[in-house]
Amino acid sequence: MHDSLDTLVIAGLHEEYQSALSLVLQQDLQATALQPTKIFEYHLRCIGGLLGAFSLTGDARLLFRAKDAADALLQSPFQSSPTVLPRMYDVLFPPRKGGFPYKLYSRLYQWGRDAFTNEHHFNSLAGVGSFALEFHYLSQVLGQTVYREKANEIFEFVAKHQQHDGLVPGFWNVMTGTPTSTRGSLGSGSDSFYEYLLKLPLMACDKDRSGHLSCEKDSTLQSMRNLYEKVVRGALRSKHIMRGSEASEGAHHPLVYPVENGNRFHHLLCFLPGLVALGAANLDVQDEANGDESRSAMGLAKEMFSGCQYLYEQSPTGLGPEEIGIKGLDAGRQPSGDHRYLLRPEHVESIFVLYRLTGDEKYQEMGWRVFESIERYCRTEKGYTGLSDVYDGGGGKRIDDMPSYFIAETLKYLLLLFAPNDYISLDEFVFTTEAHPLRRQVRNYVLHTDSSEYAPAAFPWLLWLVIIIFASTAVTLASLVRHGIRCSPKTHERRKSS
Ligand code: DMJ
């Protein structure tokens, strides 16, 4: 529900938005206090969703819900880790309500998991390093630096381990603050860390006269921007693309695929063309292109896009697979790998960004074809479903699952692809990794509403007052009863004399 709020606003579905909003506002945190929550998903879907809807509507109730949720993260997965890296899972409880019983349970849980298992000692790079955009935004809007500082600490910490090509280790022991191996990746488990190296500067840095980002005033933002450029020039160009000519002998097509481990295409990597295009449009990068578009950052973005687009187009369903081997790819044969389509957004995200940046209508046509395929193969009576095999004429079996990112991202990007350019313009908004639009360059934000009116349920002072009065009355009564049984000498004397 949290993940869908801003899509409903963007789509102009006012009634549906009001119903969703009232459900969201009924909850303190979208987490069950007794079960460990996966922090990464909670952060990007719930906090991101609340902030995206706040950013569009200015409704302060959403902002305070997001603040409560972020405070819950600071008091649990951040605080229970001995390093600056938060845990992957933790029990969350409302930061001001509830108090002692929740805290006790949470501490017992934390003690138990550390005593009996070490599985909670590890977290991915994306898991520790994807707080930056939402936490900076919270700090900017609330005027409280604590969130930004936490995100900056994490970045500074992991960035010390960057390799010569810019990659940062993909898995961490949060108890010791050491990477579990030096292996880095741009895809699963790492993607949003690299995404935010560009998107946070986009949101928070100033623009110079030519419209390019200028981050000199803030050393962390500057370092993030530098690392982003290093990754695009280094790791991305050297390890994470495969040219069609390398993929299959005699292949003449000028395609470039984003890949992992030398040869594996993963759907998640299809966010890279859009990201690199966004960087090309906003950074004043002196690359080695010398006017040769194919060697420029925008050229690289378009090349990688062509690989993703090809994989969509050459499947009989018109939808791209989850993960396949690229080596030996042959139009006549089914590639080996994971053929599922999980309603993922990354390719339509790149279609949308490239359309907005170039104005070329061919991207709208491509997006429309993806939409038609989704309608044809994935639509069910009550919603949409993933498919087991994009290479099967009918899409294979229906997976019977509609992840929340389908509404938050896939549908939102498809919708915006056909909206006017100034509707949620890329000059005004930056999209989080879950496609929640946050306003860029927010300065001295003034809340649209009286914040006290919408302050979330405060610490229950009245309840505690009643409990204290009740308890002290009980103690007094108990002592009176005791005194009645064993009277003090004075009372005894008074009684005797009367
Ligand atoms: C989304 O939940 C987010 O974009 C995340 O960063 C990784 N990818 C999924 C959807 O595929």
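Just so you know, all these numbers are worked out from the coordinates, no wet-lab data involved. Keep in mind it's a predicted model, so treat the numbers as computed, not measured. We place every Cβ from the backbone using ideal geometry, glycine too, and count neighbours over all the protein chains shown.
Summary table
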| item | result |
| --- | --- |
| Sequence-distant lysines (8 or more away, or on other chains) whose Cα lies within less than 16 Å of LYS230 | LYS160, LYS199, LYS239 |
| Per residue convex hull volume, Cα atoms of segment 72-211, in Å³ | 118 |
| Proxy reagent accessibility, fewest Cβ within 10 Å first, across LYS217, LYS199, LYS150, LYS412 | LYS217, LYS150, LYS199, LYS412 |
| Alpha-carbon Debye profile of the chain, log10 I(q)/I(0) at 0.08, 0.10 Å⁻¹ | -0.53, -0.80 |
| Extended-chain gain in nm, criterion 0.36 nm per residue less alpha-carbon gap, ARG96 and PHE157 | 19.0 nm |
| Ranked SER210, SER219, criterion: other C-beta atoms within 10 Å, fewest first | SER210, SER219 |
| Extension gain, ALA474 back to ASP284 (0.36 nm per residue minus Cα-Cα distance, nm) | 61.2 nm |
| Percentage relative contact order, the chain, counting C-alpha pairs under 8 Å, at least six apart | 15 |
| Rounded if a/c under 1.5, otherwise prolate or oblate - segment 58-133, Cα gyration tensor axes | oblate |
| Order of TYR384, TYR377 under a 10 Å beta carbon neighbour criterion, fewest first | TYR384, TYR377 |
| Sparsely packed trypsin sites (Lys or Arg not before Pro) within segment 321-386, loop by DSSP, other Cβ within 10 Å at most 11 | ARG333, LYS382 |
| Residue pairs, from the table LYS302/LYS327; LYS103/LYS217; LYS217/LYS412; LYS327/LYS382, whose Cα atoms sit over 31 Å apart | LYS103/LYS217; LYS217/LYS412; LYS327/LYS382 |
| VAL442 versus LEU13: modelled label distance in nm, points set 7 Å from Cα along the beta carbon direction | 2.5 |
| Segment 126-196 - percent relative contact order, Cα under 8 Å, separation 6 or more | 32 |
| Hydrodynamic radius (Kirkwood) for segment 182-258, which is based on Cα pairs only, to one decimal in Å | 14.5 |
| Distance from segment 122-157 to segment 14-85 (C-alpha centre basis), Å | 15 |
